[in-house]
Amino acid sequence: MFDFSYTIWIVLIPFFLFILIGFLGNKFKPAVSGIVGSAGLFISWILSIYTAYKYFFVVGRVDDVYQQIIGYNTLWLRFTDTLHIDMGVFIDPISVMMLIVVTTVSLMAHIYSTGYLKGEKGFERYYAFLSLFTFAMLGLVVATNIFQMYIFWELVGVSSYLLIGFYYTRDTAVAASKKAFIVTRFADLGFLIGILLLSYYCGTFDFLTLTSPTGPAIGTPPAATFIGMSVLTWAMILIFMGGAGKSAMFPLHIWLPDAMEGPTPVSALIHAATMVVAGVYLVARLFPIYITVPIALQLVAWVGAFSSLFAAIIACTQYDIKRVLAYSTMSQIGYMMCALGVSGMGGHEGLGYMASMFHLFTHAFFKALLFLCAGAIIHAVHSNYLHEMGGLRKYLPITHITFLIACLAIAGIPPFSGFFSKDEILVAAYHHDTALFLIEYVVAGLTAFYMFRLYFGIFWGKKQDYHHAPHEAPKSMTIPLIFLAFGAMFAGFIPFSHLVTSDRHIFELHTEWIIAIPSIVIALVGIGVAWVMYLKPTGIPGKIAHALHGFYRAAYHKFYVDELYLFITQKIIFDHISKPIAWFDRHIVDGSMNGISYVTNQASDRIKGFQSGQLQQYALVFVSGAVILALVFIYLWT
Amino acid sequence: MTSNQFMFLLFSAVIVIFSILTVTSRRILRAATFLLFVLVSTAGLYFLLKYNFLAAIQLTLYAGGIVVLIIFSILLTSHIAEKLPTASLMKKWPAAMVALVGAALCIVVILQYNFPGSVGSTELVNVTDIGENLISYGRHGYALPFEVISVLLLAAMIGAIVLAKKRKD
Amino acid sequence: MFEGVPLSWFLILSTVMFFVGVYGFLVRKNLITMLMSIELILNSVCINFVAFNKILFPEHMEGMFFTIFIIAVAAAEASVAIAIIINIYRRIVNIDVEKMDEMKY
């Protein structure tokens, strides 16, 4: 058997980079941090590619079944003989795929940032955090048990918080980082309770034991129930809550658009390609258990589908290009969730699972590419807003081409990668539930529309007066763009059904043209509408917005979800729960303590007068006391 | 009135009058002198009680030692001509009240109590007996208090020297 | 009866002397006069001891020995007290007891 224990270094290298850059970064020139970080990650990337090659093509497949391998394991915390927390590296198709995704996108973000953040204050701090994030994300994907995953899950949350708040002098960035942290923390509370429920009833944290068909979760599921549903269902729903928080599913999505306050490469890496798909990865990781609790799986599907539609509608109305991309990310992750929710187990039944992972993989490329392109555009015009852009195709040729490729990929135009993965999702949804299929079908059209709205708005449309002529980004930024563009173009040809499947058996995939052709058509319709509306400045968008007055307003204001949250937290929780409790604490609890100290103070103030330091006064009191006592004892106390 | 009664009353009168003068005189050196009279009269009382040795100690130690010490310290710290300020009435009245009430209480109690009358021996106490008792450790022996008081005196002596010594700085 | 002088006479005398001493201690401001008042008090106690010894237990000598020790203690106390008084005088050029309230803090 091939020894995979070297894979621990894929995870540990970014950790050591974090230590190195974090503690020694300010001793050298800022550029050194960027080069060291990128070089270190390059080693991780090479190791990941090597691992993928070894796993998928050399040792992983035995009789057309991919093996689950514990590459490295160490006992970390021991509770009982069966319940203990390990730290290790778990090698199976999805974790290897995620290794590729994370290291690739992270490497690209590292290289890109050397150009994008050149000369920024806190350059080495940025690289330290980026390494920390990469370490945490890699630790998450290779987790051998759910608790290790939880630890790294929180660690990615922290590094995401740190990176969103990178420009900590801006109030909005600080608020956004806090929002992201608090919302995901709230979701993680559910995750933690889910983990505890699951581990309590199953007696193990280990993924291998949990997902084995004869294991304590699937083979002999716990019989306990709570409010009509089995404990296992509750556990899986709560765990999904954690995943939904991280993956910005409705209604826990509110942090993602605000998280765009971070530097753009961070958005590309964390909030598009890697961290936000952690929820999808989590569900996929526990998929064998989800398949046994249909209610939870149904929830996953509907939450995913609704989120994708919801986000797509909002994306059509936004003007901040990064926010459009953020909503697009949410929409695409909704796709992946939905695909998982409609999937079955094994062979062609597990098409949704495979499609979800496929889409995760291709999405990482084209969405990271979109964000990095957006970064290049913002870098050139110093604005986030669509209406301050236009006619940029002459100034930014490379960005233009790569952005177009990414748009075609996300819109699902063959032969770009998005077509293949999205098509499989639609097929899976079609075979499972027509309603879900229709939603996803509409979303596909909307996706094409809003992406090309961006494309035409930025690169065509009315030419703006810029302060200085926009210039193409430096090589350090364009090279990652070109690399990712190749990924976005050709990733679709990877035969995923031979690599990543629900039960790790390979199966043959056939393109169902009856679904594929309509999906291409609706994508083309979306592009065509965008073409008509945005190629040249026209009055059509304004008229449509006017016609859909209320609906447009609602979508523009993100359906008032933020306001709803504010209402619930401030008006209901703060005003009616927290404030009375605070009042009680301040007036009753503190008051009694203050009262005691006040009384003591006053009393001592009064008593202090007795101690005048006048010796004769003391003597007088003493003698008169003695005389009075003598009188009392002689005459009164007979 | 026997001669003893007469002598007692004489000494008592001297003691009481000069005690009061001691605590009321505004000239401090006079107060010390009045104190000397009081102490000497007390020694007279001891003679009356046929405690000649004790009276001698009283004269030498109290009158000769302590009063001289007090006079020295008065000369060190005060001007002889200086008149002490009188205490305020606020201070005098409570003190006088306490003293009067206490004295009255004690006197009333003493008069009410019927002491067993016993004719005390008129013979002198032998100095040899005093000396033997002071260094014997049996019944009626005072060897331990004697040693303790010696140590105390030594400690007081050293302490007084250390306290009164001029600081170097 | 000690040849006509009852015990209560001695006791009344010592009582008067004692409370005169107490009065002096409470009223006089000068530290040295306060010390003299203390001597008065001690002396009155001595008279008590001696009188009790002589009139009630003439065959014993406890009262006399106590008086001797009291005189010794008084001497020690007077010497230390005067040393302290001189020390205070050096510091604040005053021996008024009412000024000596620094130690209350």
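Do you know which of the residues in region A:66-85 that are among the polar types (S, T, N, Q) and crowded, with 16+ Cβ neighbours inside 10 Å is nearest to A:GLN148 (Cα to Cα)? Before you say what the answer is, go through the steps one by one.
Step one: filter region A:66-85 for residues among the polar types (S, T, N, Q), giving A:67-68, A:73-74, A:80, A:82.
Next, from what is left, pick out any that are crowded, with 16+ Cβ neighbours inside 10 Å: A:68, A:73.
On the way: A:GLN68: 17, A:ASN73: 11 Å.
Within region A:66-85, the match that is nearest to A:GLN148 (Cα to Cα) is A:ASN73.
Pull up region C:22-42, narrow it to residues that are under 18 Å from C:ILE70 (Cβ atoms) and more than 7 Å from chain B (Cβ to nearest Cβ), then point me to the one that is farthest from the chain's Cα centre (by Cα).
In the first step, residues of region C:22-42 are kept if they are under 18 Å from C:ILE70 (Cβ atoms); the result is C:22, C:25, C:35-42.
Imposing the further condition that a residue be more than 7 Å from chain B (Cβ to nearest Cβ) reduces the set to C:25, C:38, C:41-42.
On the way: C:PHE25: 10, C:ILE38: 4, C:ILE41: 3, C:LEU42: 3 Å.
Filtering region C:22-42 for residues that are under 18 Å from C:ILE70 (Cβ atoms) and more than 7 Å from chain B (Cβ to nearest Cβ), the one farthest from the chain's Cα centre (by Cα) comes out as C:PHE25.
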Worksheet item: Does region A:176-207 hold any residues that are in a helix (DSSP H, G or I) and of a type in the set (Ser, Thr, Tyr), and which are they?
Response: A:SER177, A:THR184, A:SER199, A:TYR200, A:TYR201
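Does A:PHE493 meet the test of being surrounded by 11 or more Cβ atoms within 10 Å (Cβ to Cβ) and either farther than 30 Å from A:HIS110 by Cα or among the hydrophobic types (A, V, I, L, M, F, W, C) (or both)?
Working: surrounded by 11 or more Cβ atoms within 10 Å (Cβ to Cβ): no; either farther than 30 Å from A:HIS110 by Cα or among the hydrophobic types (A, V, I, L, M, F, W, C) (or both): yes.
So A:PHE493 fails the test.
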Worksheet item: With respect to A:PHE15, is the statement that it is within 26 Å of A:ILE195 (Cβ to Cβ) and either at pLDDT 85 or above or β-branched (Val, Ile, Thr) (or both) true?
Response: yes
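Checking the condition of a type in the set (A, V, I, L, M, F, W, C), facing chain B (nearest Cβ under 7 Å) and surrounded by fewer than 23 Cβ atoms within 10 Å (Cβ to Cβ), which residue from C:PHE57, C:PHE19, C:PHE69 passes?
The conditions single out C:PHE69.
Let's see how each residue does on (1) in a loop (DSSP other than H, G, I, E, B); (2) more than 30 Å from A:GLY122 (Cα to Cα):
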residue: A:GLY219; (1), (2): yes, yes
residue: A:ALA223; (1), (2): yes, yes
residue: A:TRP234; (1), (2): no, yes
residue: A:MET241; (1), (2): no, yes
residue: A:ALA244; (1), (2): no, yes
residue: A:VAL266; (1), (2): no, no
residue: A:LEU269; (1), (2): no, no
residue: A:VAL277; (1), (2): no, no
residue: A:LEU297; (1), (2): no, yes
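May I ask you to list the residues in region A:119-133 that are of a type outside the set (Phe, Trp, Tyr) and either under 24 Å from A:ILE195 (Cβ atoms) or in a loop (DSSP other than H, G, I, E, B) (or both)? Can you show your working first?
The initial filter retains those residues of region A:119-133 that are of a type outside the set (Phe, Trp, Tyr), namely A:119-122, A:124-125, A:128, A:130-132.
The answer is A:GLY119, A:GLU120, A:LYS121, A:GLY122, A:LEU132.
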Discussion item. Looking at the structure I just gave you, is A:ASP86 outside any helix (DSSP H, G or I), out of contact with any Cys (no Cβ under 6 Å at 6 or more places or on another chain) and without any contact (Cβ under 8 Å) to a residue 12 or more places away in the chain?
Written reply: no
Discussion item. If B:LEU59 satisfies all but one of (1) within 14 Å of the chain's Cα centre (by Cα); (2) farther than 22 Å from C:ILE41 by Cβ, what's the number of the condition it fails?
Written reply: (2)
Discussion item. Quick check on region C:87-101. Is at least one of its residues assigned to a helix (DSSP H, G or I), under 18 Å from B:TYR62 (Cα atoms) and more than 14 Å from chain A (Cβ to nearest Cβ)?
Written reply: no
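Does A:SER476 qualify as being over 17 Å from A:PRO415 (Cα atoms) and assigned to a helix (DSSP H, G or I)?
Values: over 17 Å from A:PRO415 (Cα atoms): yes; assigned to a helix (DSSP H, G or I): yes.
It is true that A:SER476 is over 17 Å from A:PRO415 (Cα atoms) and assigned to a helix (DSSP H, G or I).
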Worksheet entry | Residue identified as at pLDDT 90 or above, out of contact with any Lys or Arg (no Cβ under 6 Å at 6 or more places or on another chain) and over 20 Å from A:ASP188 (Cα atoms) among A:THR104, A:THR74, A:THR82, A:THR172 | A:THR104
Practice prompt. Hey, could you check region A:350-390 for residues that are among the β-branched types (Val, Ile, Thr) and crowded, with 24+ Cβ neighbours inside 10 Å and say which is modelled with the lowest pLDDT?
Written response: A:ILE377
Worksheet item: What are the residue pairs meeting all of these: first residue in region B:43-55, first residue more than 10 Å from chain C (Cβ to nearest Cβ), second residue surrounded by fewer than 24 Cβ atoms within 10 Å (Cβ to Cβ) and not in a helix (DSSP H, G or I), Cβ atoms under 7 Å, and 6 or more apart or on different chains?
Response: B:ASN52/B:LEU124
Worksheet entry | Count of residues meeting criterion [surrounded by fewer than 16 Cβ atoms within 10 Å (Cβ to Cβ), modelled with pLDDT under 90 and hydroxyl-bearing (Ser, Thr, Tyr)] in region A:25-55 | 1
Worksheet entry | Condition check for B:ALA96: on the phi < 0 side of the Ramachandran plot, facing chain C (nearest Cβ under 7 Å) and of a type outside the set (Ser, Thr, Tyr) | yes
Discussion item. Whether any residue in region A:595-618 is away from chain C (no Cβ under 14 Å), closer than 23 Å to C:GLU98 by Cα and loosely packed, with under 10 Cβ neighbours inside 10 Å is what I want to check.
Written reply: yes
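Looking at region A:529-637, what helices (runs of 4 or more DSSP H) fall wholly within it and have at least 2 residues that are among the acidic types (Asp, Glu)?
Details: elements: A:540-547, A:549-556, A:561-566, A:579-583, A:590-608, A:615-631.
Per the criteria, A:561-566, A:590-608.
Quick one: would you say A:VAL623 is of a type outside the set (S, T, N, Q), modelled with pLDDT of 90 or more and surrounded by 12 or more Cβ atoms within 10 Å (Cβ to Cβ)? Give the derivation first.
Details: of a type outside the set (S, T, N, Q): yes; modelled with pLDDT of 90 or more: yes; surrounded by 12 or more Cβ atoms within 10 Å (Cβ to Cβ): yes.
Yes, satisfied.
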Worksheet item: Within region A:32-51, can one find any residue that is more than 23 Å from A:ASN145 (Cα to Cα), without any contact (Cβ under 8 Å) to a residue 12 or more places away in the chain and among the aromatic types (Phe, Trp, Tyr)?
Response: yes
Discussion item. Just to verify a result, which residue in region B:70-93, among those that are at the interface with another protein chain (Cβ under 8 Å from one of its Cβ atoms) and of a type in the set (Lys, Arg), is surrounded by the fewest Cβ atoms within 10 Å (Cβ to Cβ)?
Written reply: B:LYS92
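The values are calculated or read from the model by the stated rules, or taken from the named source; none is laboratory data. Just so it is clear, the structure is predicted and the values come from calculations on it, not from any experiment. When we count neighbours, we look across all protein chains shown, and the Cβ atoms used for this are built from the backbone with ideal geometry, even at glycine.
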